[in-house]
Amino acid sequence: MGLFENFVGKGKSFSDLKRYVGDFEIVEVKDKRGVPRKKAVYAGTWTVLRDNTPAGRRKLWAAPGMAILLIAVYGWMLLLTHAGSAHLGVMLPLLAGLFPGLYLLMGMFSLPFRGNPMRRDQYMHSFIRASRSAVAVAGFVIAGLLASFVYRAILGDWLFLPEDWYFIAVCAIIAMLSAGIVFFLRSIDVAERENAAFESKPL
């Protein structure tokens, strides 16, 4: 099953945490002292890797590696001096791209590197968050690049210096890295398993 097939057409926005409340049940368990207490137990479906071999799990490491490289290149891009680097209209979308970059790293840290099954909320906050964040990073970079061309058009300055070409090349690299992250995440074959196939434990 493809990466984005699990939750298509299932209601509200993925960012709405309330949608996951129905995945948990409140049960009564006894603590170490034998006192009954109420605990939340996961009762929803689990997402598992179909190819849970070392070779299959190595695919998971490709995307984080590219994400770290993307953030490094992104930081270098922000330090470049080019036409429009001192103009707010150009730098604002580039700086805004740092926010989805942060979410991208957060999603990468949540990937199931050991092949463990994932709850629905864990799946959404890793695979889906990382994919959408990578697309957002590329979008902000492209917006900043287009803004630099608009700035040039307003000034009538079409003289490209070496640093301007560096900026364009780095923007292209970031866009390609973003596309690569999405590609690798989509290439990971996942499937849903019913809760009965796993031992649910209180949180």
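Numbers for the structure displayed
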| read-out | value |
| --- | --- |
| Flag if Leu60 is modelled with pLDDT of 90 or more, not polar (S, T, N, Q) and not in a loop (DSSP other than H, G, I, E, B) | no |
| Breaking point among (1) over 21 Å from Trp61 (Cβ atoms); (2) surrounded by 15 or more Cβ atoms within 10 Å (Cβ to Cβ); (3) not hydroxyl-bearing (Ser, Thr, Tyr), for Ala134 | (1) |
| Members of segment 19-35 that are of a type in the set (D, E, K, R) and under 11 Å from Asp121 (Cα atoms) | Arg19, Asp23 |
| Looking only at segment 144-176, and only at residues there that are surrounded by 20 or more Cβ atoms within 10 Å (Cβ to Cβ) and of a type in the set (A, V, I, L, M, F, W, C), the one that is nearest to Asp121 (Cα to Cα) | Ile174 |
| Complete set of residues in segment 49-73 that are more than 30 Å from Val170 (Cβ to Cβ) and crowded, with 19+ Cβ neighbours inside 10 Å | Leu49 |
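The values are calculated or read from the model by the stated rules, or taken from the named source; none is laboratory data. What you are looking at is a predicted structure, and each value in this text was computed from that prediction instead of being measured. Please note: Cβ atoms are built from the backbone with ideal geometry, for glycine as well, and neighbour counts cover all protein chains shown.
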